[in-house]
Amino acid sequence: MLAVAFLDAALRYWLTVFPRASRGVSRWQRRAAQIPDPTLRRLGIDSLRERSNIEGAAAFAAFAPRAHRAAVVRALVAFQAAYNYADLLSEQPHENAIANGHRLHEALPAALDATPDPNAPQLDYYALHPQRDDGGYLRELVATARVALSTLPSFPAVAGSARIAAERIVTFQSLNVGTEQGDHVALAAWAHEHTPADSELEWWEVAAAAGSSLGVHVLIAAAAEDGLRREEVAALDRAYFPWIGALHSLLDNLVDRKEDVRTDQPSLVSYYASPARAADRMRMLAVESVGRARALAQGRRHLLILAAMAGNYLSNPEANTPEVSDVARSVLGAIGELARPTLLVFRLRRLVSLG
């Protein structure tokens with residue numbers, strides 16, 4: 001049954017979601033190329049160069065009702081593009097990196113203040129940034145998400161939880177800046193305070209979950225359903241934060257290790273005492289994530305999302321290196337029967353992209 005559901009979801013994604021997401025990314029690439037300031041223009045273009053996480057965000061729309069699918073894609077693409085851009089901006093050297101990163105990332109909760117008015121007031125996200133003239137680019141991303149979200153029937157039911165998830169991203173990103181500027185003492189303290197009771201999670205696992213955008217993506221997609229109940233929203237939030245979100249961010253850290261070293265960015269995976277310890281802990285996160293996804297209403301779709309997320313990261317050639325392969329096998333084993341088909345799909349996708 002899961003194999004049939006996987007095929008059905010894959011067809012919906014490639015036929016009805018991916019073309020819209022691809023057009024959306026292309027539109028933002030053209031828009032970024034018009035940014036007046038040359039530094040911001042370069043960063044805007046660079047933030048869209050790696051399309052996979054934006055296309056991955058849009059995958060949540062495959063489960064949205066057809067009538068609202070286009071709006072969900074627009075919101076997801078704009079939100080993740082804003083996240084990519086704010087993240088890249090905040091990585092630039094700054095004498096007050098934490099405050100600057102916080103202000104830049106405030107675009108994310110702002111994007112979740114649904115309004116049909118594209119000219120509604122917004123913050124000055126560049127208040128502490130040395131470059132400011134983006135020609136309205138970041139505000140346009142925020143406005144696009146807002147307008148799309150205003151059309152979704154159950155967005156009022158998810159708005160509060162989605163904003164809290166976005167505020168967690170703001171906190172994580174502002175404290176998880178470059179190693180010379182960062183404050184992992186503060187990040188660890190924040191994570192300890194937000195660790196669910198009896199979860200026995202390490203602080204960096206909770207911090208990783210805070211940085212994941214999946215908790216926002218799933219709520220945006222759920223908002224397209226009529227009559228969504230608040231208890232369903234709460235269940236989604238508990239499954240994605242911290243469990244699924246932690247696995248998501250740590251897999252991202254895992255396959256980006258070399259890039260993080262090259263750019264002097266902190267990697268939360270490095271806090272594990274050894275590759276064997278990382279494999280054990282990330283298998284645990286995967287097992288918990290599978291169980292919690294299965295227990296959700298429409299649990300099958302969340303299992304598919306989880307498998308697709310893992311397949312996307314573990315199809316990366318970096319996953320085959322000796323330092324990572326044990327973790328990859330542990331996570332894929334915990335994912336179960338969907339691991340192989342999703343891994344195959346993403347490996348084929350990478351081959352096509354390279355071609």
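The values are calculated or read from the model by the stated rules, or taken from the named source; none is laboratory data. This is a predicted model, so every value here is computed, not measured. Positions of Cβ are generated from backbone atoms using ideal geometry, with glycine treated the same way; all protein chains shown enter the neighbour counts.
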Fill in: Among the residues listed as Phe18, Phe6, Phe79, Phe60, the single one being touching a Pro at 6+ places or on another chain (Cβ under 8 Å) and among the aromatic types (Phe, Trp, Tyr)
Phe6
Item to complete: Of all residues in segment 22-79, count the ones that are closer than 30 Å to Arg132 by Cβ, out of contact with any helix residue (DSSP H, G or I) (no Cβ under 6 Å at 6 or more places or on another chain) and among the hydroxyl-bearing types (Ser, Thr, Tyr).
Response: 3
Worksheet item: In this structure, does Val72 turn out to be of a type in the set (Val, Ile, Thr), under 19 Å from Gly215 (Cβ atoms) and modelled with pLDDT of 95 or more?
Response: yes
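Yes or no, residue by residue, for (1) modelled with pLDDT under 95; (2) in contact with a Leu (Cβ under 7 Å, 6 or more places away or on another chain); (3) more than 23 Å from Trp243 (Cβ to Cβ):
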| site | (1), (2), (3) |
| --- | --- |
| Ser289 | no, yes, no |
| Ala293 | no, yes, no |
| Ala297 | yes, no, no |
| His302 | no, yes, no |
| Asn312 | yes, no, no |
| Ser315 | yes, yes, no |
| Ser325 | yes, no, yes |
| Gly336 | yes, no, no |
| Thr342 | yes, no, no |
Fill in: All helices (runs of 4 or more DSSP H) inside segment 170-266 with 3 or more residues being among the acidic types (Asp, Glu) and either modelled with pLDDT under 90 or over 30 Å from Asn96 (Cα atoms) (or both)
230-238
Practice prompt. For segment 125-138, indicate whether the set of residues that are crowded, with 16+ Cβ neighbours inside 10 Å and either modelled with pLDDT under 95 or part of a helix (DSSP H, G or I) (or both) is non-empty.
Written response: yes
Worksheet item: Regarding Ser26, is this residue over 20 Å from Ala224 (Cβ atoms) and free of Cβ contacts under 8 Å to residues at least 60 places away in the same chain?
Response: yes
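Which of the following residues is buried (at least 22 other Cβ atoms within 10 Å of the Cβ) and without any contact (Cβ under 8 Å) to a residue 24 or more places away in the chain: Ala191, Ala145, Ala107?
Testing whether each residue is buried (at least 22 other Cβ atoms within 10 Å of the Cβ) and without any contact (Cβ under 8 Å) to a residue 24 or more places away in the chain leaves just Ala191.
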